[in-house]
Structure formats: C-alpha cells, structure tokens
1. Residue by residue through the range 26-56, note down the ones that are part of a helix (DSSP H, G or I), modelled with pLDDT under 90 and of a type in the set (A, V, I, L, M, F, W, C).
2. Which residue is farthest from Trp15 (Cα to Cα), if the candidates are limited to the range 157-193 and must be of a type in the set (S, T, N, Q) and part of a helix (DSSP H, G or I)?
3. Which residues, taken from the range 170-191, are at pLDDT 85 or above and under 22 Å from Asp3 (Cβ atoms)?
4. Taking only the range 57-101 into account, find how many residues are in contact (Cβ under 8 Å) with a residue 12 or more places away in the chain and part of a helix (DSSP H, G or I).
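The values are calculated or read from the model by the stated rules, or taken from the named source; none is laboratory data. Keep in mind that what you see is a predicted model, and the values were worked out from it rather than measured. Note that we place each Cβ from the backbone using ideal geometry, even for glycine, and neighbour counts take in every protein chain shown.
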Amino acid sequence: MTDIKSALSNVLNEWDKHEETIRNPQTQPKENEVKQKIIAHRFKPTNNASRETFNAVRDFPNQKTSFYLEMMLKKGFKQSTIKSLLYQMVHQGQMVKAKDGGLVTTAPAYAPIKTTKKKVVPDKQVVRDLIANADKPSTGIAALKADTAAPARDVTKKSIVVNHAWTPQKAMENLTVFQARALYDELKKLFGG
C-alpha cells in the first residue's frame, strides 16, 4: 500500500512542478498589446474590392455587369467577389440597375455594405392551415394516449458494475486537462499532500 501511495505522491509532485512552470512563464506579453494586435488584424482591409468595384461603376456608368467583371479581373479581383458585391450594392440601393442592364451609382462616394438579417417568410399554406384550425376546439390533455410501452423502472434497487479491465492509463486517455486537474486535486485531498 505504501508503494502506491509513494508512486502517486511522486506523480502529484511532478504535476505541481509542471503546473508552476505553466502558470508563471518567464515572459508574458501585456494583455493590451495582444488585444491591439488582434483588433488591428481583424479590421485591416485586404484588397478594397468593394471600394474599387463601387469606383468602377461610378467612373464608368451605364455599363453591363460583364464590363465591370472584365475590368476588375484585369485588376486581379475574383469574378465571384465582384458579382456578389455588385448584387449587394444594387440590393442596398448604392447602385441602380437599368432595364438594359446598365449600372449607375446613387451616391457620390462608397459606403460600406451593411449586413441585414433575412426576414423569415412563413409558408402561405402553413399559415392558411393554422388559421383554419384556430377555430376548432382543442380536446386538451384528454387527447393524449397513455404510454404503455414499458413499465416504470424501480429506482430503489442499486447495482454495482465492476470493470476488471480498468487501468489508470485507460482512465487518463479520455481526460481533458481540466478533468485531470480536478482528479489531481481530489487525489491530493485523499492521500494528503
């Protein structure tokens, strides 16, 4: 029994040393510096495809979409990106599409595209069915059928399942770091340390 206790004690001490090095690293970057780097990276424009597309339509009005696609492809932008941007700008009112397919800007300068949530439009047939069934009286709880599939289990009986194939290595395989730390703390309380 003392062999197991001493072995566990050695393992726990090694965990303590390792944890101490993790919690107190030698150089820690300042939290504000890290946040500023993340924010700067997140909002950094990559290639100004939106602004360039808007400017192309503003500078060369009344041209079809294919004209703008060719122009922007020569500048190195993707065709799918330009198509999507043109559609979004027309949808938001920054551009107008004429009957002949020509595009014209409605504003003198580019404004960022605003995201909007799609409205959920219910199916007309479902709405009609709901309205038609609203006048029918509900039968309430009496309409529910009793579940006779399985009898209720007796919860007063307790059973113990013994797993003879259990090993500490198998138990630790599926533990997360947090679970391992909680187990470590409990074992430390149990064996004293």
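1. Result: Val34, Ile38, Ile39, Ala40, Ala49.
2. Gln169
3. Listed by number, the residues that qualify are Leu183, Tyr184, Glu186, Leu187, Lys188, Lys189, Leu190, Phe191.
4. Residues flagged as in contact (Cβ under 8 Å) with a residue 12 or more places away in the chain and part of a helix (DSSP H, G or I) within the range 57-101 amount to 16.
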